[in-house]
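Everything below concerns the one structure shown next.
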Amino acid sequence: MEFTSVHLIGLIVTIVLVIGSGIYSARSMKSAEGYSLAGRSAGVILISGSIAGTVIGGGATVGTAQMAYSLGLSAWWFTLGSGIGFIIMGLFYARPLRNTGLETIPQYLVLNYGRAAGPLASIIASIGILFSAVASCLPGIQIIAAIFGITPWPAAMILITLVAAYVTFGGMKGAGVSGMLKLIIIWVTLFVAGATACLALRELPDFAIVFPPFPWFSLFGNGAGMALGNLFSLIIGIICTQTYIQAVFSAADSRTAMVGAFTAAMVVIPVGLPSVAIGMFMHANHPDVLPILVLPMYLLQYQPAWLGGIGIAGIMLSLIGSIAGLALGIGTMISKDICCDLLKITKNKTVLWINRTTVVIVTFIACLISILNLKSSVLEWNYMSMALRGGGVFLPLTLAIFAPGILTPNWAVASMIVSTLAAIIAQSVLHLAINPLFISIAVSAILVIIGIMWGRRPVQTER
């Protein structure tokens, strides 16, 4: 990829402006709660910026273009499904969760299922969220390495440094402000680039031959079962993800939380479409390119240098913001659910230091996994992440919100443990073709139903 001085200037100026704005906006933040929840005073724009700024990462940009390069429109499912998930979250989950005044999903589970549920939910969610961070580290490392002609490890160190600057100093408020600016850049550059790709596709003389209706213009080009399974994974994963719920907890009130989720959905849903167009254009004109580099290569070769530089910065910021937001979610759970609630570490400065340190450690681990799997698909990591983080927690969490007391603590904890292990074994050991989320949800549902029926048994009294 040709990277000129104009590209470099546009890249550096944009990244410094966005990250600097986030750090400046949160300059007065000193407390652990202010770091993780922005003082519980966030408005609609800050909430939607935090949510959309996190989900629009490697999967929504580079990963969508990578999949569209081979399959076309079915690559849109990631942003489309994410938007549907945020709508459902706003309709049914945002109000009751915000009204609790809590800080993490595990804290909510502890209220309903006892102390054992908290650390367990934190560990399950953290593993799933870590895999989602890998989905943004993969293209981040590849792009930095390709642009600057360096090996993966130095590229990973640059990425870790940028993530640390993005979120370590600013927390939730900094991530929200940076997320809003990043979204503006992504929207403008992607839709301009996508429009030029669409116009160029119209001029192809053999368009109908290169792109037959199936699979290129079908949402089910990868199979109806795969598409619906991925949609289900996204919805459940989003509802059970600490990062998105954390934005809900940071809202000034429950109505603001709900509207913020709806706004995020409206921002996220269209973003995948220009990446789809770019992926298809590159398939027609560059059939031998490395798929993960399709989007950045298009911006550098087919856009004005200044716009290409800003566009590459937008992609990098989308990756950095996604990693940072996900790592912040893990950091909040580790600091609150493990250190505060389990280990009784309550000193404010210590909790804040643990949260910030965890963000950097999580980013390093995600980069390490990425380097060991450089040729893997970005969206596969995202979908697997959603399945793992949601399969074991979704049913117990939903019952705790809408039918509290119906499931006993022992059965809730058993459901979380066994269903998560079932998904991991099915994916990593047995290598089953079935979506691991379906296995996890099925096992969880069986245990939940048994637990509910067991809890309703009449108590026998001695005569």
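Bear in mind these aren't lab numbers, they're just calculated from the coordinates by the rules spelled out. Remember, predicted model here, so these are calculated numbers, not experimental data. Note: ideal-geometry Cβ built from the backbone for every residue, glycine included; neighbour counts use all protein chains shown.
Arranged from fewest to most other beta-carbon atoms within 10 Å of their beta carbon, GLU380, GLU103 become GLU380, GLU103. When each of the peptides 368-377, 151-160 is scored by how many other beta carbons lie within 10 Å of its residues on average, the order from highest to lowest is 151-160, 368-377. Where the centre of each part is set by its Cα atoms, how far does region 82-126 sit from region 345-374, in angstrom? Comparing the Cα centres of region 82-126 and region 345-374, I get a distance of 21 Å. As a proxy for reagent exposure, LYS349, LYS182, LYS344, LYS336 were ordered by neighbouring Cβ count within 10 angstrom, fewest first; the result is LYS344, LYS349, LYS336, LYS182.
Based on the reciprocal of the average 1/r between different C-alpha atoms, the Kirkwood radius for the chain equals 22.1 Å. Put simply, the C-alpha atoms of region 334-463 give a gyration tensor, and the ellipsoid matching it has half-axes of 33, 25, 11 Å, longest first. Quick check for the chain: number of Lys pairs with alpha-carbon distance under 28 Å, counting only pairs 8 or more apart or on different chains? For the chain, qualifying lysine pairs total 15. Among 221-231, 199-209, the peptide with the highest mean count of other Cβ atoms within 10 Å heads the list, and the full ranking is 221-231, 199-209.
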